[in-house]
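The values are calculated or read from the model by the stated rules, or taken from the named source; none is laboratory data. Remember, it's a predicted structure, so these values are computed and weren't measured experimentally. Please note: Cβ atoms are built from the backbone with ideal geometry, for glycine as well, and neighbour counts cover all protein chains shown. Ligands, DNA and RNA are stripped out before the accessible areas are found, and what is left, the full protein with its side chains, is counted by its heavy atoms. Shrake-Rupley method; radii C 1.70, N 1.55, O 1.52, S 1.80 Å.
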Amino acid sequence: MSQMPPALSKCPSCEEPLESGDRFCGACGYDLSAVPAPPDDNPTMTMNGSAPHPPHPPYPPAPPVDWPVAPEVDSSHRPAPLHVPSEIQGTDSAGHELPAHASGVRFDGPPEPDEYALQAPDPRTADFVATPSAGTKVCVACRAGQVDRDGYCENCGHAQPRERDHMEQELDAVSAVSDRGLRHHRNEDAFAISSTALPDGSSAVVAIVCDGVSSATRPDEASLAASRAANESLLEALPRGTHPQQAMHDAIVAASRAVNSLAGAAPSEHAPHQNAPACTLVGAVVTPTLLIVGWVGDSRAYWIPVDRTAPAARLTEDDSWAAQMVAAGLMNEAEAYADERAHAITGWLGADAYELEPHTASFKPDRPGVVVVCTDGLWNYAEAAEEMAQVIPPDAALRPLHSARVLVGHALDGGGHDNVTVAVLPFPAPPMGAGSA
């Protein structure tokens, strides 16, 4: 006889509201008839649901990279300003002004550890399941039950792997890899990579990486919409001769509009006060002579020269509580990022963001190298530019897809506490004849 599940009001795995008599959670497939054992690994969580930064040896300060700054001119011939996180004030998800101690932050993570253990098949029912016919999708957990149209096993109730759990894309001049990680039940990151021709016939290579804010509603949809909108905007603007830095600024605005449009859907009756969909964004445009980066949030871009005797550099400044503390002189970087509030973000794309302030910067590198564009699921395990340079293979400019896989593997080996997404772009961009999207 099947044991009836205990009277629970919420799923112990994902906190989805339950109805009387439910045996499995309709959201994540959790087996409600089994009493879950304490997890073997329950790490202390930081503000964004990931493990705290592992201590790393201090590095001597790297000499500054002496790159001339490219013209920062927008369509009105005025300089495009670079905004810093300390200039951004904040509100909560309802639009109310935050108290002074909150510093305008948003928590990029669920309220408790997001570990989703693979449920074993129920021995009381597995023996009575008929063998599925040829061509029928079989459950990855119990290897016996059929998978319904919603993606759950009809035998054990386990949610099946999603298409976005692991994604790879390779072009001749850029590659990207995204992985769900080892703790999250879905991948809330997204990326878009492409290349196009500038008016003079030279090439421009594009990479956009977005990280869904886990505390928001439908973060996976937000990151996907933002990455696609930003990529499409750049592919439209660059061939027209728009300055790449202005094109990046406009692409972030387009991504913000795409995410904002998701907030129009009516909230669920079970969760009427959910936050609006939200995500962070970081992007890069590489041409034969110019490197442009743009961002909102705490996803990052790094410069790694081919000549490893030259210094690596971080090209972005986080919109985060930690970055604000460092900018205000209240903490040094090591102290700020060791704090549990380090990953509370102060800037994001979403209808409940206080104000959109795209950050852009342009550089003219004097030597070949690669640009690493990534979410915090990677840089949590290689935070300093020197650390990132040690992890990425020496031949990254020649094998960007292999290098992206190595970087994702490094994050998974370190614990994989978050979704991991990275794009690798060699600089300078190759001639258009060498390859195209």
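From the protein chains alone at 1.4 Å, what is the descending order of accessible area for SER203, SER214, largest first?
Final ranking, largest accessible area leading: SER214, SER203.
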**OP:** Rank these by accessible area, largest first, 1.4 Å probe: GLU19, GLU383.
**Re:** GLU19, GLU383
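What does the charge count around ALA382 come to, taking other residues whose C-beta lies under 12 Å from its C-beta (Lys +1, Arg +1, Asp -1, Glu -1)?
Details: positive: ARG300, ARG314; negative: ASP376, GLU383, GLU386, GLU387, ASP413.
My count for the surroundings of ALA382 gives -3.
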**OP:** For SER175, list long-range residues whose amide hydrogen, built 1.01 Å from N in the peptide plane, is under 5 Å from its own amide hydrogen.
**Re:** VAL424
Original post:
Once the other residues with Cβ under 11 Å from the Cβ of PRO394 are scored (Lys, Arg +1; Asp, Glu -1), what is the net sum?
Top reply: 0
Original post:
Given a 1.4 Å probe and the protein chains all in place, what does the accessible area of TYR381 round to, in Å² to the nearest 10?
Top reply: 40 Å²
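Per residue, what accessible area does the range 138-220 have, given a 1.4 Å probe and all protein chains present, in Å²?
39 Å²
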Original post:
If you average over every viewing direction, what projected area does the convex hull of the Cα atoms of the range 281-339 give, in nm²?
Top reply: 5.2 nm²
Subject >> Neighbourhood net charge (15 Å Cβ-Cβ; Lys/Arg +1, Asp/Glu -1) for ALA423 >> reply: -3
Original post:
What list of ³J(HN,Hα) values in whole Hz, one per residue of the range 370-381 in order, does the Karplus curve 6.51 cos²θ - 1.76 cosθ + 1.60 (θ = phi - 60°) give from phi, with Gly and Pro shown as x?
Top reply: 10, 9, 9, 10, 8, 8, 5, x, 8, 5, 4, 10
Subject >> Taking only Cα atoms of the range 172-262, radius of gyration then Dmax in Å >> reply: 14.3, 47
**OP:** Order MET248, MET432, most accessible first, counting only protein heavy atoms with a 1.4 angstrom probe.
**Re:** MET432, MET248
**OP:** Please give the solvent-accessible surface of ASP200 in Å², to the nearest 10, using a probe radius of 1.4 Å with every protein chain present.
**Re:** 120 Å²
